[in-house]
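The values are calculated or read from the model by the stated rules, or taken from the named source; none is laboratory data. Keep in mind the model is a prediction, meaning the values are calculated, not measured. Neighbour counts run over all protein chains shown; Cβ positions are idealised from the backbone, glycine included.
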Amino acid sequence: MAIQSLSKPVYVLLFALGSPWALASQTIDVTRMKACALTPAEIKAALRLDVRPGVPHNVVEEMPSPGGKSFYCEYAYTSPNYIGFIGLRQDWLPLDSLAKSLAELDKFVVGKNEAVSNDPDKAHIILNPNTPNQMTLYYVRKNVRTDVLVFFNELKAKEMRPKLLKLKRVP
């Protein structure tokens, strides 16, 4: 049945409740997600760090909502006198509990949480004063919250921030 043939009250009801087509376009299919969603080349292009291929890890901690799923990957790199890593975590959250789940995840944020102005994903940068060599970029796309955690030594936070914002966004 084409939308043009729907009566006005039915069309309004579909709009008010959210049609299945609209809901499907608001979610990311969890079966298409993978832990190591970035390649070493993509990381090097943005952060100027030579990283080894990512190593996926099982995340067994409790999710903030039933039915959620976490993906985590760690990319190691070495630089003079320092071994660092980049962690990529993606939390797939059911759409019906998305707002509550995001609020639960925000409870774990420690440090200065700065919104990135004019960012299409409304990203935030987190700087923890207790660990000045750590920076986290997080954002939400549809029903997936992504956190990119970078530990660094020789790079100062001021220099790392613009590089981190250039990193390819996943999913």
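Observations on the model:
A quick yes/no check of all residues on (1) touching a strand residue (DSSP E or B) at 6+ places or on another chain (Cβ under 7 Å); (2) at pLDDT 80 or above; (3) over 27 Å from K44 (Cβ atoms):
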residue	(1), (2), (3)
Y75	yes, yes, no
R89	yes, yes, no
F108	no, no, yes
Y138	yes, yes, no
V144	yes, yes, no
R161	yes, yes, no
K168	no, yes, no
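Let's see how each residue does on (1) closer than 30 Å to V148 by Cα; (2) assigned to a loop (DSSP other than H, G, I, E, B); (3) modelled with pLDDT of 90 or more; (4) not polar (S, T, N, Q):
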| site | (1), (2), (3), (4) |
| --- | --- |
| M1 | no, yes, no, yes |
| C36 | yes, yes, yes, yes |
| I43 | yes, no, yes, yes |
| S65 | yes, yes, no, no |
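- Within region 52-62, not a single residue is at pLDDT 75 or above, of a type in the set (V, I, T) and in contact with a Leu (Cβ under 9 Å, 6 or more places away or on another chain).
- Scope region 83-139; condition buried (at least 16 other Cβ atoms within 10 Å of the Cβ), in contact with a Leu (Cβ under 8 Å, 6 or more places away or on another chain) and in a loop (DSSP other than H, G, I, E, B); matching residues: L93, G111, V116, A123
- Sub-8 Å Cβ pairs linking a first residue in region 29-43 that is more than 12 Å from Q90 (Cα to Cα) and of a type in the set (D, E) to a second residue that is modelled with pLDDT of 90 or more and assigned to a loop (DSSP other than H, G, I, E, B), at least 6 apart or interchain, are E42/L167; E42/K168, ordered by first then second residue.
- Criterion (over 23 Å from V59 (Cβ atoms) and either without any contact (Cβ under 8 Å) to a residue 40 or more places away in the chain or not small (G, A, S) (or both)) met by exactly one of K100, K158, K107: K158
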